[in-house]
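Only one structure is covered here, and it is reproduced in the block below.
Bear in mind these aren't lab numbers, they're just calculated from the coordinates by the rules spelled out. Everything numeric in this text was worked out from a predicted model, so none of it was measured. Note that each Cβ is placed from the backbone with ideal geometry, even for glycine, and that neighbours are counted across all protein chains shown.
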Amino acid sequence: MNLKQLDTFLLVADMQSLSRAAIASDMAQSLVSRQIAMLEKEWGKRLFDRTGRGMVLSDFGRRMYPEVKRILDQVEQLGATASQAAGILTGTVHIGVLPSLARQLLPLLLADIRERAPQLRLHVTEGFSGSLDEQLASGRLDMIVVNRYGSSASRGEDVLGKLDTFLVGKAGLPELAAKSLSFHSLDGIPLVVPAVPNGLRATLDVLSRRHDTKLNIVMEVETGTAMKDVAAGGHAFTLLPLTAVAQEVAAGELQASLIISPGIRRTIALSVTRQRPLSEGARLVSSRLRLLTSALLTESVID
């Protein structure tokens, strides 16, 4: 067993595919398969179940995943500690970001960190809040920027700003003629929304019962890009903050109407892992992420 084999195991588990792992690691697929086979032989049990959809962790693999990740994190932390002692910030910081903020936030963050700590690497996961919460709790992410619905963020989280929710669809549709519309106006409109469990879905369920509104959910998706793409096709609408569709609205591809009476406000919050202390590099990224996101949200409100 060596570190390369352990790293390959994590990569295949994350990508659920030998071919995708081979591309990401710049190795031949046969070599990736051999690394996994060697680990399985040494440990005496299968790490993966091979299915038609790819490589899925077996029960044994799911048990080993957090242990392997902990070991590799410690090895990386050892190198980062040595570099920090020499005054250089290195290592990888794992960040989770909402799809609605990724397009605008990530270029700003990368430019900022490259200027301040050029040897620091960022690993970004884009996803909805529920998925990012799970990955933070498991220790796979160092920090996340997520939505919280209601009056405030969870305890221990930093509030970065608030955003309103808009009904979004193909430009020119009559449902979007007004600049704003009541929540009850969503009654019967075909919607594409995130799959459950999801904070927006829970909020919609509560509001629909409270305001006697029958929501017509015709599609559930796992990515923000899919929500926009389906809405742009003109056969359904979606619910997003304006930051998520600013470029498409400016280009005349999409149109957005503010939802009011009641509005659906999103609190954008920063949460950091409690599984381990943050490295010096992660603390820098957390600080810059907090400032850059807050400034971005302030600008979007002013606009």
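Numbers for the structure displayed
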read-out	value
Rounded Å value of the spacing that divides the Cα centres of the range 12-46 and the range 204-276	38 Å
Value of [θ]222 nm, deg cm²/dmol, for the chain, DSSP H segments ≥ 4, -39500 (n - 2.57) each, nearest 500	-15000 deg cm²/dmol
Amide H within-cut-off set for Ala195, under 5 Å, with H built and near neighbours excluded	Val221
Cα centre as origin, Lys/Arg/Asp/Glu Cβ charges: the range 105-165 dipole, Debye	100 debye
Pairs of alpha carbons in the range 1-88 whose separation is greater than 20 Å (percent)	37 percent
Residues Glu115, Glu126, sorted so that the one with the fewest Cβ neighbours within 10 Å comes first	Glu115, Glu126
Dipole in debye (nearest 20) - the range 165-264, about Cα centre, beta carbon charges: Lys, Arg +1; Asp, Glu -1	220 debye
Counting DSSP beta bridges with both ends in the chain, the antiparallel % (nearest 5)	55 percent
Axial C-alpha extent at least 24 Å, average Kyte-Doolittle at least 0.5 - helices from the chain (DSSP)	280-302
